[in-house]
Amino acid sequence: TKKQLTEKIVKLQKKAVRAISFAPFNAPSKPLFKSLGLLKFDDLVHYKTASLLWDVDHGTIPLTLSTYFKKTESRHHHATRQATSGKYQTVKKLTKIGNYSFQSIGIAILNKLKDMSIYTEARSKKHFLLKYKELLVAKY
């Protein structure tokens with residue numbers, strides 16, 4: 001299953017970080033990730049998703065993918081608080097699997113990013129990703 005695969009990847013990543021750091025096999029991994037400036041697997045997936053969502057929000061994504069994301073302002077023809085926020089319309093799926101789709105998770109992540117100053121004040125995608133990685137690593 002996906003959960004088992006993720007757990008295996010996380011264990012391998014921790015082993016690799018310990019090997020890179022010449023740390024004992026049972027050393028806590030969080031400080032090692034922080035000192036090396038590396039992202040854990042789940043954070044890396046989140047980071048890469050945020051990178052793709054930057055492209056969605058700035059119109060530099062292929063047209064085939066952009067159809068999955070609609071701004072809330074396109075839903076209402078008058079000024080509502082949600083429509084003027086620049087956020088994206090959440091999509092309710094009828095199945096549990098649909099709620100874990102890239103579209104559903106991506107919209108939730110992008111709407112949270114739009115509330116963060118590191119996103120709204122970023123001069124470029126590169127600048128945003130640098131600051132976002134620093135923020136994620138600082139949690140360790």
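The values are calculated or read from the model by the stated rules, or taken from the named source; none is laboratory data. As the structure is a computational prediction, the values presented were derived from the model and not from experiment. Positions of Cβ are generated from backbone atoms using ideal geometry, with glycine treated the same way; all protein chains shown enter the neighbour counts. Accessible surface areas use protein heavy atoms only, side chains included; no ligands, DNA or RNA. Shrake-Rupley method; radii C 1.70, N 1.55, O 1.52, S 1.80 Å.
Here is how the numbers come out for the structure above:
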item: Isotropic mean projected area of the C-alpha convex hull, the stretch 2-57 (nm²); result: 4.6 nm²
item: Accessible area in square angstrom per residue, the stretch 1-60, 1.4 angstrom probe; result: 69 Å²
item: Amide H within-cut-off set for A27, under 5 Å, with H built and near neighbours excluded; result: none
item: Loop chymotrypsin sites (Phe, Trp or Tyr not before Pro), the stretch 1-63 (other Cβ atoms within 10 Å of the site Cβ: 12 or fewer; DSSP); result: F22, F25
item: Theoretical FRET efficiency, 1/(1+(r/R0)^6), r = Cβ-Cβ of K30 and K126, R0 25 Å, to 0.05; result: 0.40
